[in-house]
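*Asks:* Here it is: the structure, laid out below.
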Amino acid sequence: QVQLVESGGGLVQAGGSLRLSCVASGIIFRINAMAWYRQAPGKQRELVADITSGGSNTNYADSVKGRFTISRDNAKNTVYLQMNSLKPEDTAVYYCNSAARSLDWGQGTQVTVSS
């Protein structure tokens, strides 16, 4: 059974930082390109960043480029999202999934950035 468990969200002031983690089980993690997504209230879920299976290539949404960093540890079946210089518009529920969105979604982790 596939399970994705996100953690690390919270309430932070604008300009602050958070590090999100997502632990995957029930899949051969190391062969999956992975991604972080987010969904703000009243908006569609959007891609934030993705990373290839080996971690050598990454891509970012323009809105987070230069502020967020995606990484992974295949030995720990974990993908991370380091978020710096947070803005109120980054407020959303953050989810991880494969880059193809092929896995069952987890519960996500709430990130709230106050101005």
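*Asks:* Could you list, in sequence order, all residues of segment 87-99 that are assigned to a loop (DSSP other than H, G, I, E, B) and over 14 Å from the mean Cα position of the chain (by Cα)?
*Replies:* The answer is 87, and nothing else.
*Asks:* Counting only residues that are among the β-branched types (Val, Ile, Thr) and exposed (fewer than 14 other Cβ atoms within 10 Å of the Cβ), which one in segment 3-42 is nearest to residue 67 (Cα to Cα)?
*Replies:* Here the answer is 31.
*Asks:* Answer with yes or no whether residue 79 is surrounded by 14 or more Cβ atoms within 10 Å (Cβ to Cβ) and closer than 19 Å to residue 106 by Cα.
*Replies:* Yes: the conditions hold for residue 79.
*Asks:* Looking at (1) in a strand (DSSP E or B); (2) of a type outside the set (A, V, I, L, M, F, W, C); (3) at positive phi, which is the one condition that is false for residue 66?
*Replies:* Condition not satisfied by residue 66: (1).
*Asks:* Right, here's the next one. Which condition number in (1) in a loop (DSSP other than H, G, I, E, B); (2) out of contact with any Cys (no Cβ under 9 Å at 6 or more places or on another chain) is the one that residue 106 fails?
*Replies:* Going through (1) in a loop (DSSP other than H, G, I, E, B); (2) out of contact with any Cys (no Cβ under 9 Å at 6 or more places or on another chain) one by one, residue 106 breaks only (2).
*Asks:* Any idea which of 30, 38, 19, 72 is assigned to a helix (DSSP H, G or I) and of a type in the set (Lys, Arg)?
*Replies:* 30
*Asks:* Suppose we keep only residues that are assigned to a strand (DSSP E or B) and not hydroxyl-bearing (Ser, Thr, Tyr) within segment 41-63. Which one would you say is farthest from residue 101 (Cα to Cα)?
*Replies:* 59
*Asks:* Are there any pairs, at least 6 apart or on different chains, whose C-beta atoms fall under 8 Å, with the first in segment 87-115 and on the phi < 0 side of the Ramachandran plot and of a type in the set (Lys, Arg) and the second modelled with pLDDT of 95 or more and not in a loop (DSSP other than H, G, I, E, B), and if so, which?
*Replies:* 87/113
*Asks:* Of the numbered conditions (1) surrounded by 14 or more Cβ atoms within 10 Å (Cβ to Cβ); (2) closer than 18 Å to residue 79 by Cα; (3) charged (D, E, K, R); (4) free of Cβ contacts under 8 Å to residues at least 60 places away in the same chain, residue 45 fails exactly one; give the number of that condition.
*Replies:* (2) is the only condition that residue 45 fails.
The values are calculated or read from the model by the stated rules, or taken from the named source; none is laboratory data. Fair warning: this is a prediction, and the values are worked out from it, not measured in the lab. When we count neighbours, we look across all protein chains shown, and the Cβ atoms used for this are built from the backbone with ideal geometry, even at glycine.
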